[in-house]
1. In terms of solvent-accessible area of protein heavy atoms at a 1.4 angstrom probe, what is the ranking of Lys209, Lys150, highest value first?
2. Rank these residues by their accessible area, most exposed first, probe 1.4 Å: Arg139, Arg164, Arg128.
3. What nm distance separates the two modelled labels at Ala58 and Val46, each placed 7 Å from Cα along Cα→Cβ?
4. Identify the residues of the range 93-111 with backbone N under 18 Å of a label point that sits 7 angstrom from the Cα of Gln151 along the Cα-to-Cβ direction, or state none.
5. How would Ser136, Ser48 rank on accessible area, largest to smallest, probe 1.4 Å?
6. Need one number: nm distance between label points at Arg143 and Thr198, each 7 Å from Cα along Cα→Cβ, rounded to one decimal.
7. How large is the accessible surface of Asp79 in square angstrom, using a 1.4 angstrom probe and rounding to the nearest 10?
Amino acid sequence: MNRSASRTARRLLGTLAFGLALLAAPAAASGATGQSVSSADCLTQVLSTPFVSWLDFANYTMPDGASFEGGAAGWQLDDGATVVDDNEPFHVHGAGDSNALRLPHGSSAVSTPICIGLGHPTLRLFARSNTALPLSTLRVDVRFRDLAGKQRSLPVGVVLPGSRWQPTLPMPVVVNLLTLVTGPTDVTLGFTPVGPATWWIDDVYVDPKARD
Ligand SMILES: [Ca+2]
């Protein structure tokens, strides 16, 4: 190899090493906090398009237990939150589904962990309430550990009251996360009635956008 070819080879090796270091940096930082996960964990998720009827063609996945069929295994249900005989009438998850989660005033529920990427993840669910009073809403939070390992909870959306089952609007998640985590991460989702209404929720979906 002549001197010019050798210099070119060293430059290429240096560029390659720099590139690999950049690729490795997020993983190393994630490992230090113990809360982020590998992108492969997001890539193994089973995706579907449950909101096509509402002209939403995005691919979604579901946290474990988020159809509430046969219970809410792994969910944290507090102060009266309970699985009941009911179901969103569109049956986007399963034609034979027959359970939903009831959330009376003062109750709350937290989902099982779900992996999201840092593209533009959103969440969407079906909900109804027993009153349309404007002071009654359902607050949706995303819960995660930040770069320092501290547990955080940030609001990502509010569901407005309505007595008929309807899909919520897609709620962006990543806006609040970009500066707080470094890569695909496990989050849980919190649901809390605000005001006097009782709520029912069903078929909670997340568009993880782990492929961005
Ligand atoms: Ca259900």
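1. Values: Lys209 75, Lys150 130 Å².
From most accessible down to least: Lys150, Lys209.
2. Arg164, Arg139, Arg128
3. Distance between the two pseudo-spin positions: 2.1 nm.
4. 107-111
5. Details: Ser136 0, Ser48 50 Å².
Result, largest first: Ser48, Ser136.
6. 2.4 nm
7. About 120 Å², ignoring ligands and nucleic acids.
The values are calculated or read from the model by the stated rules, or taken from the named source; none is laboratory data. Since this is a predicted model, take the numbers as computed values, not measurements. Positions of Cβ are generated from backbone atoms using ideal geometry, with glycine treated the same way; all protein chains shown enter the neighbour counts. Please note that ligands, DNA and RNA were not included when accessible areas were found on the heavy atoms of the full protein model with its side chains. Shrake-Rupley method; radii C 1.70, N 1.55, O 1.52, S 1.80 Å.
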